[in-house]
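Okay, structure first, notes after.
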Amino acid sequence: MIYLDNAATSFPKPAAVTEAVLHCLRREGGNPGRGGHRLSMLAAERLYECREEIAALFGSRHPENVIFTPNATAAINLALKGLLRQGDHVLISDLEHNAVWRPICRLAREGRITYDLFPSLALRPDRTAEAICQGIEAMLRPNTRMVVCTHASNICSALMPIREIGALCRRRGLLFVVDAAQSAGREVIRLEDMGIHALCAPGHKGLFGLQGSGFLLLGDGIRADTLMEGGSGVHSLDEAMPEDPPERYEAGTPATPAIAGLCAGIRTVRSIGQDNIAKTEAHFNRLLEERLADLRNIRVICPHLKGSILLLHAPRIPSEILGQELDRRGICVRAGFHCAALAHRTLGTVADGAVRISPGYRSERSDADAVWKALKEITMK
C-alpha cells in the first residue's frame, strides 16, 4: 500500500507516538484533575507537558493558553463563536475549509455577523503578500472585527502570508484567527511574532498525533466565551466555568491517551525538523509532477504552487472514479471536494472536484513512480 493522503491524517504514525499512547493506557490511566491520587496526578503532568510542547513549538510564552479539543474544527468553532459579537463583520479567505466557512455562514444566517471573502490570488503565479493584504484592506468596514485565514490550503500548495496579515491586523486593531490544519508541523508559526490571536490545529496531521486530538492556542490576554460547560476539575462548587484557561474551556474528561500521543508526535517533529518535513514532501511532489508531464490526460491544478499537496484532474474521468482506480492499485489518495467548497470554487474545480496527493516525510521516489505508472494505465484505457 502507498499512502498519499497525509492531508487527511498522517499515516503510519511514528513508533514513539504509539509507544506513548500504550504507556499512558498501561501505566498512567488516571483522570487528570479528577482526583488527588498518583495516577490522576501523573495524567495531569502529561497534559501540562503537552501544553508546554505546543506553546514552545508555536512561539507562545503561556502553556496555560493551550486548549485541548477533539480536532481543529472544534478549535475553530470555539474561536469564532467565542470571540465574535453581535454586529461584527468578518473577512475570510476564498480558500477556507468548511470548518471555517460553515460556522461563519451559520452566524451570518442567524443575523449575528456579516462576512466577505478576500482573494487569496491562488490562481495567479505572480501573487504576493502585498497584493493579498491590499485586497484585505480594500474590504475593511468600520465594524470589521476579525480576519480568519487558513495558513495552507487543504487542496493545493497555496500558503497564505500570515505574518503580513497579522501585521495588518495589529495595525488595524483586528482579531486574527489562523487555521493551521495543513501547516502545523510543516511550516514555522510563531504566535506572538505573527500577531495571531487564536491558532487552531489538529493533532493527527502534521504533528503525527492520534485522531481525536487538536488544540486552540490563544494569544496573551485573549478570552473567549465558552461553548460548553461542565466539570473542569477545579472550583467544583461554582455554578459557572472558571475564568482562567485552560480549565475555562475544557469541560469534561480530556482524551489523555491521544494527548500523550500528540506530545510524542510534536517531539518527533522537532527531532526531524519542520523545514526537513516540508522540503521532503515538496520534493516528492516535484518528482511526481515531472513524471506526469508526459501524460496528456492528467492536468495539474495550479502548477505554479510548489509544496506538500498536488492537485490533479483528468478531464475524461470523474475524480471519484480516478481515486477508486488508484485505490484498486494500492494507492491511497483523496478525490472529490475535500470539505472545501470555497477553495474548489476559487480554483475552478467545483464541477467534478479533483484528486489530491499529499505525501508524508517517508514517501519515496518509488512511490511517485508507482503513481505515474498507475495514472498512465488508468488514463490510457
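The values are calculated or read from the model by the stated rules, or taken from the named source; none is laboratory data. Because the structure is predicted, anything quoted here is derived from the model rather than measured. Positions of Cβ are generated from backbone atoms using ideal geometry, with glycine treated the same way; all protein chains shown enter the neighbour counts. Surface areas here come from the heavy atoms of the whole protein model, side chains and all, with no ligands, DNA or RNA. Shrake-Rupley method; radii C 1.70, N 1.55, O 1.52, S 1.80 Å.
Placing +1 on each Lys and Arg Cβ and -1 on each Asp and Glu Cβ, with no other charges, gives the chain a dipole about its Cα centre of roughly 840 debye. Based on C-alpha pairs under 8 angstrom that are at least 6 apart in sequence, segment 1-120 has a relative contact order of 15 percent.
Karplus-derived 3J(HN,Hα) values for segment 330-339, using 6.51 cos²θ - 1.76 cosθ + 1.60 with θ = phi - 60°, are x, 10, 9, 10, 10, 10, x, 10, 6, 6 Hz; glycine and proline are entered as x.
Would you mind telling me the share, in percent, of accessible area of segment 229-381 contributed by carbon and sulfur at probe 1.4 angstrom?
49 percent
Coupling constants for segment 308-325 follow from the phi torsions by the Karplus curve (6.51 cos²θ - 1.76 cosθ + 1.60, θ = phi - 60°), and in residue order they are 7, 10, 10, 10, 10, 9, 10, x, 8, 10, x, 4, 5, 5, 4, x, 5, 5 Hz; glycine and proline get x. Relative contact order, whole percent, for the chain stands at 23, derived from Cα pairs under 8 Å and 6 or more residues apart. Take each peptide in 341-348, 166-173, count the other Cβ atoms within 10 Å of every residue, and average; sorted highest first, the result is 341-348, 166-173.
Each Cα pair under 8 Å and six or more residues apart adds its separation to the average, and for segment 94-192 the resulting relative contact order is 26 percent. With the simple model of a label 7 Å out from the Cα in the direction of the Cβ, residue 220 to residue 116 spans 3.3 nm.
Does segment 1-61 come out rounded, prolate or oblate, given a ≥ b ≥ c as the square roots of the eigenvalues of its C-alpha gyration tensor, rounded meaning a/c under 1.5 and, failing that, prolate meaning a/b above b/c? Note, shape of segment 1-61 comes out oblate. You can think of it this way: the chain between residue 42 and residue 137 has 29.3 nm of extra reach, that is 0.36 nm per residue less the Cα-Cα gap. Descending by average beta-carbon neighbour count within 10 Å, the peptides 288-300, 198-210 line up as 198-210, 288-300, the highest first. Work out the FRET efficiency for residue 320 and residue 108 from their Cβ-Cβ distance, taking R0 = 25 Å, and round it to the nearest 0.05. Here the calculated transfer efficiency is 0.25. Under 16 Å from a label point set 7 Å out along the Cα-to-Cβ vector of residue 270, the amide N atoms of segment 33-51 belong to 46-51. For segment 53-70 versus segment 363-380, the inter-centroid distance based on Cα atoms is 40 Å. Remark: the residue 297-residue 251 segment gains 11.4 nm on full extension, using 0.36 nm per residue and subtracting the alpha carbon distance. Compared with the alpha-carbon gap, the fully stretched path from residue 86 to residue 236 is longer by 50.9 nm at 0.36 nm per residue.
Which percent, nearest 5, of DSSP beta bridges in the chain are antiparallel?
Of the beta bridges lying entirely in the chain, close to 45 percent run antiparallel.
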